[in-house]
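The values are calculated or read from the model by the stated rules, or taken from the named source; none is laboratory data. Owing to the predicted nature of the structure, the values given are computational and were not obtained by experimental measurement. Cβ sites come from the backbone with ideal geometry, for glycine too, and all protein chains shown count toward neighbours. Only protein heavy atoms, including side chains, enter the accessible area calculation; ligands, DNA and RNA are left aside. Shrake-Rupley method; radii C 1.70, N 1.55, O 1.52, S 1.80 Å.
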Amino acid sequence: MGENKWMGKRWEDMDTDVLVKIFKELNLVELSPVSQVCRLWRLACSDPLIWGTLDFGLLKSNFIQTRASPYIWVDDRSDKRLARILRVAMAISCGNVNCMIFHYNLYMKDEHLHFISERSPHLKRLVMPAWNRITRVGICQAIQRWQELESLTMPTIGHPPYIMEEIGRSCKNFTELKVMGSFDHQFASAILQFLPKLKVLSLRCSKVTMDALQSLLHSMEYLEVLNISHSLLLAIAANGRKQVVHELDGQILERASRLREFHYCQSRTCIACQRMVVDEGIMRWYRYEDWFWRRDEVRSLDLQDYGKLFDAGCERLTSVE
């Protein structure tokens, strides 16, 4: 009998699309050495199908709250860990990241944001980390590089107009915004002025003033989807006192009915609504399930399950000891 020969392809000769399907099952730690095997494998490792969404939702900082600005102290090892992870991810992805998700308890600095924005110029969707250590200059410079940005999810911030202004100036395709925190008349006015063509807005589990809500419904001509589910609605009296609003009046409901989607829930039996009351309008996300902060009634804003690239195994392998 003649010698039997293996007729299959060698690894280095495999089609790129086959390699991509295989490499999609790997996390960042596993992908890093694979990308260094050969030129073909590195090309497959950087494919947009792998890097379309980079979900760092499990990555958090080791921190302590303080009384002085920026009201947070972060362990230096956390910063170094973040920098190391970002270097690996940006090197392999080769600018192919379209969506980037960060945890609300990740305290990033300007230098991290600068590094990301330079190496992911085609970003279309961003779920922001905490603002505490990011300066006005830092976020504005990043937004200027993200000219293709369409969607932003952001924690609450003390002075939002400058961010809305920079988005309106730099991101011509921007249509979708989610705010996690407080939404008042100042915030609504900034959107009306700088993002008049906004189509989707979620204020889920936020503290929302009624004058802000009325401004949106009265003046946002292009708004199609509004989510105020589980929000704490506040009316401000002439003397400045705030009163919780438990039901929307007919005028607001009539205007909201003109939208393609209007999500609203203030049920006493709803767990999310109960949590908002207990937390006095500022949701303490850390008290609840790991997935709770990722949910949204608006399908395009819901983050669903954690991504594969930075899964639980990857989080453990890169954790600070």
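Observations on the model:
This table checks each residue for (1) touching a strand residue (DSSP E or B) at 6+ places or on another chain (Cβ under 6 Å); (2) exposed (fewer than 11 other Cβ atoms within 10 Å of the Cβ); (3) under 24 Å from residue 59 (Cα atoms); (4) of a type in the set (Phe, Trp, Tyr).
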| site | (1), (2), (3), (4) |
| --- | --- |
| 223 | no, no, no, no |
| 226 | yes, no, no, no |
| 229 | yes, no, no, no |
| 239 | no, yes, no, no |
| 255 | no, no, no, no |
| 270 | no, no, no, no |
| 293 | no, no, yes, yes |
| 296 | yes, no, yes, no |
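Residue by residue, here is whether (1) farther than 20 Å from residue 206 by Cβ; (2) surrounded by fewer than 15 Cβ atoms within 10 Å (Cβ to Cβ) holds:
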{"site": "262", "(1), (2)": "no, no"}
{"site": "283", "(1), (2)": "no, no"}
{"site": "286", "(1), (2)": "no, yes"}
{"site": "305", "(1), (2)": "yes, yes"}
{"site": "310", "(1), (2)": "yes, no"}
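- Of all residues making up segment 31-82, the number that are within 24 Å of residue 111 (Cα to Cα) and within 19 Å of the chain's Cα centre (by Cα): 12
- Of the set (1) among the aliphatic types (A, V, I, L, M); (2) more than 18 Å from the chain's Cα centre (by Cα); (3) open to solvent by 20 Å² or more (accessible area, probe 1.4 Å), all apply to residue 180 but (2).
- Among the candidates 194, 187, 174, the residue that is surrounded by 19 or more Cβ atoms within 10 Å (Cβ to Cβ), over 18 Å from the mean Cα position of the chain (by Cα) and over 30 Å from residue 274 (Cα atoms) is uniquely 194.
- Residues satisfying the stated conditions in segment 164-186, i.e. at pLDDT below 95 and part of a helix (DSSP H, G or I): 185, 186
- From the list 149, 233, 223, the lone residue that is hydrophobic (A, V, I, L, M, F, W, C) and under 22 Å from residue 283 (Cβ atoms) is 233.
- Breaking point among (1) within 21 Å of residue 211 (Cβ to Cβ); (2) over 16 Å from the mean Cα position of the chain (by Cα), for residue 157: (2)
- Test: residue 69 is in contact with a helix residue (DSSP H, G or I) (Cβ under 7 Å, 6 or more places away or on another chain) and more than 25 Å from residue 288 (Cα to Cα): no
- Number of residues in segment 21-36 that are within 16 Å of residue 311 (Cβ to Cβ), open to solvent by less than 10 Å² (accessible area, probe 1.4 Å) and part of a loop (DSSP other than H, G, I, E, B): the value is 1.
- Options 221, 261, 176; residue that is in contact (Cβ under 8 Å) with a residue 40 or more places away in the chain and under 21 Å from residue 150 (Cα atoms): 176
- If you go through segment 312-321 and keep only what is open to solvent by less than 50 Å² (accessible area, probe 1.4 Å) and hydroxyl-bearing (Ser, Thr, Tyr), you end up with just 318.
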